[in-house]
Amino acid sequence: MKIRKSLAGIAAFALLALTLQACGGGNNEGNASSAPASSAPASSESSSGSSSGGENVTLKVWGDLGNQAVLEEPFKAINAAFEQKYPNIKITYDFAQNDQSLNVALQANELPDLFWVQGDKTSKMGEMVKNGFLLDLTSFNMDLSRNSDPEKAYCTVDGKLYCSLPSFFDTNVVYYNKDLFEKNGVSVPTTWDEFVAGLDKLKAGGVTPIALAGKSEWDRAWPIFAFAPAFANTALQNAMTGAGTMADPSIAEMLQAFRDFADNGYFGKDFLAQDMAGAQFAFTNGKAAAIIDGTWNNATYVSSGINLGRFPVPNKEGKRVVQSSYSNFMTYAVSSKTEHPEEAVKYLEFLSSQEAQQIMEDATGLVPTISDIVPKDEGVKELAVFDEAGLNIYSVLTALSTTESNAADILMKDVIPKLMTSAITGAEGADILDKAAHYPAG
């Protein structure tokens, strides 16, 4: 399938997802355990408000600490290109942001000038807007002509714009070692049953079929995120609109499949104590034949030098329905307290340009959603081969959450750990999510 056809599916999905205030993946890019010791206030230097040649201005920008290894190279190049274009604006870019450091900065009202946000993937940006932390970008008349309506909606709260627009697509795929698959007589599966049969062959051959970071709250969830649309996309759609519930049998079956993978040893013996670095090393070192991970980590596996392949999880009928969301690697917001709003917006405009986006693509191999971004290589095209862009279970549960009952958190912190340790069945997990969810009127 061509990228263009796949991305048409993304657009269709995104239009459906406009009914959500949360769309896309979980906080997969901001979950590192460490945090900076303190948060610094925005720069106090004076601002001229001119585009170039005015008074010197320094903008403090926070980058994604959890993905520093992937993003450090492209942002060095992006920031250098920006400073060359605007020599009076200096970027002080620190990989200082994760959930903890952002919450500390919000509580202390000491945000940097710019920091990354997840748009409508979660309710976080909307909460920051409601509490007056973000600069309304609407009046700056940023050029949005290259972007689709769903991409604009990603950055919009109550009709107003609050961040630079996304230009890349995220999903979860199975990365696999072609050499290990071939050695054990395993082909790329076209159905779910073929997928499971291949894992049995790998296990019988003494190879861990799938490396899993059972110790990491987010990374251990990637199989669930991949399985959910394959098994239960219609059920998720119905639950989101109030036409069904999370207790649907297809959701229970999907959760049970995850437990079965743990019970059957497909994740290996010690996955519960393994972090993401350990899981990735097991895969790239040939100890595991595959890993289920996001497209945002494609460059990590390419750089390892293994004979790499990729495929989406097929369902029982052979249809490849993938969870979808926009990448937040380049979606940044401006603090409402910044003393340099004009200069900060120029940085957002540059992040939204083809020049900056191509730098990001060349470094990371993300899946572009805009036609003038040239895919890095054939592997990127392989990431975009699927039949349908489906819903993300975390986004659906976020939409079904209330301040009293966070169904998305219950999936991550309660249901998934209990499935991994065989403490509950898939049906019991679905029942837990059903009781936690607050459904709209169907």
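Any chance you could give the angle, 0 to 90 degrees and rounded to 10, that helix 354-364 forms with the longest Cα principal axis of the chain?
40
Relative contact order of the chain, please, whole-number percent, based on alpha carbon pairs below 8 angstrom and at least 6 residues apart.
Numbers: 905 pairs, mean separation 116.5, N = 442.
It rounds to 26 percent for the chain.
Which of rounded, prolate or oblate describes region 248-351 when judged by the alpha-carbon gyration tensor and an a/c cut-off of 1.5?
Here region 248-351 falls in the prolate category.
Taking only protein heavy atoms into account and a 1.4 Å probe, give the accessible area per residue of region 112-250 in Å².
36
For a Förster distance of 51 Å, can you work out the FRET efficiency between the beta-carbons of T234 and A77, rounded to the nearest 0.05? Before the final figure, lay out the partial values.
Details: r = 43 Å, r/R0 = 0.84.
FRET efficiency, T234 to A77: 0.75.
Show me 299-306, 220-227, 265-272, 63-70 ranked by packing, highest mean number of other Cβ atoms within 10 Å first.
Listed from highest to lowest mean packing, they are 220-227, 63-70, 265-272, 299-306.
Mean residue ellipticity at 222 nm from the helices of the chain, using -39,500 (n - 2.57) per DSSP H segment of n ≥ 4 over the full residue count, to the nearest 500 deg cm²/dmol?
Value at 222 nm, helices only: -12000 deg cm²/dmol.
Let me confirm the definition first: pairs of Lys residues in region 178-329, 8 or more apart or on different chains, C-alpha distance under 24 Å. How many are there?
21
Using the crude model of +1 on Lys and Arg Cβ and -1 on Asp and Glu Cβ, and no other charge, please compute the dipole size for region 177-312 relative to its Cα centre, in debye to 20.
Rounded to the nearest 20 debye, it is 320 debye.
In whole Hz and in residue order, list the ³J(HN,Hα) couplings for region 180-194 that follow from phi through the Karplus curve 6.51 cos²θ - 1.76 cosθ + 1.60, θ = phi - 60°; x for Gly and Pro.
Calculated HN-Hα couplings, in order: 5, 4, 5, 4, 9, x, 10, 9, 4, x, 9, 9, 4, 4, 5 Hz.
Once the convex hull of the C-alpha atoms of the chain is built, how many Å³ does it hold per residue, rounded to a whole number?
129
Provide the gained length on full extension for the span S422 to T241, in nm with one decimal, where the gain is 0.36 nm per separating residue minus the Cα-Cα distance.
On the way: separation 181, 0.36 × 181 = 65.16 nm, distance 3.09 nm.
Roughly 62.1 nm would be gained on extension.
Which of T190, M420, C155 sits closest to the plus end of the dipole of the chain, meaning its Cα is farthest towards the positive end, when Lys and Arg get +1 and Asp and Glu get -1 on the C-beta?
Farthest towards the positive pole: T190.
So what's the net charge close to N264: Lys and Arg +1, Asp and Glu -1, counting the other residues with Cβ under 15 Å from its Cβ?
Values: positive: K201, K203, R259, K269; negative: D193, D200, D260, D263.
Computed value for this residue: 0.
Rank L411, V321, H438 by how far each Cα sits towards the positive end of the charge dipole of the chain (+1 on Lys, Arg Cβ; -1 on Asp, Glu Cβ) and give me just the farthest.
Value: V321.
For D94 and K215, calculate 0.36 nm times their separation in residues minus their Cα-Cα distance, and state this gained length in nm to one decimal.
Computed gain between D94 and K215 is 40.9 nm.
With r as the distance between the Cβ atoms of F140 and A273 and R0 = 51 Å, compute the FRET efficiency 1/(1 + (r/R0)^6) and round to 0.05.
0.55
For region 296-442, what does the relative contact order come out to in percent, with C-alpha contacts under 8 Å and a separation of six or more?
22
How big is the charge dipole of the chain about its Cα centre, in debye rounded to the nearest 20, if each Lys and Arg gets +1 on its Cβ and each Asp and Glu gets -1 on its Cβ?
On the way: 33 positive and 53 negative charges, 144 e Å.
The calculation lands at about 700 debye.
For Y332, what residues show an amide H to amide H distance below 5 Å, using hydrogens built from the backbone and excluding near sequence neighbours?
Here V117, S164 satisfy the definition.
Given a Förster distance of 22 angstrom, what is the FRET efficiency for Q107 paired with D409, based on the Cβ-Cβ distance and rounded to 0.05? Please report the intermediate quantities before stating the final value.
On the way: r = 20 Å, r/R0 = 0.89.
After rounding, the FRET efficiency stands at 0.65.
The values are calculated or read from the model by the stated rules, or taken from the named source; none is laboratory data. Computed from a predicted structure; not experimentally measured. So basically every Cβ, Gly included, is an ideal-geometry build from the backbone, and we count neighbours across all protein chains shown. Side chains are part of the model used for accessible areas, which takes the heavy atoms of the whole protein and leaves out ligands, DNA and RNA. Shrake-Rupley method; radii C 1.70, N 1.55, O 1.52, S 1.80 Å.
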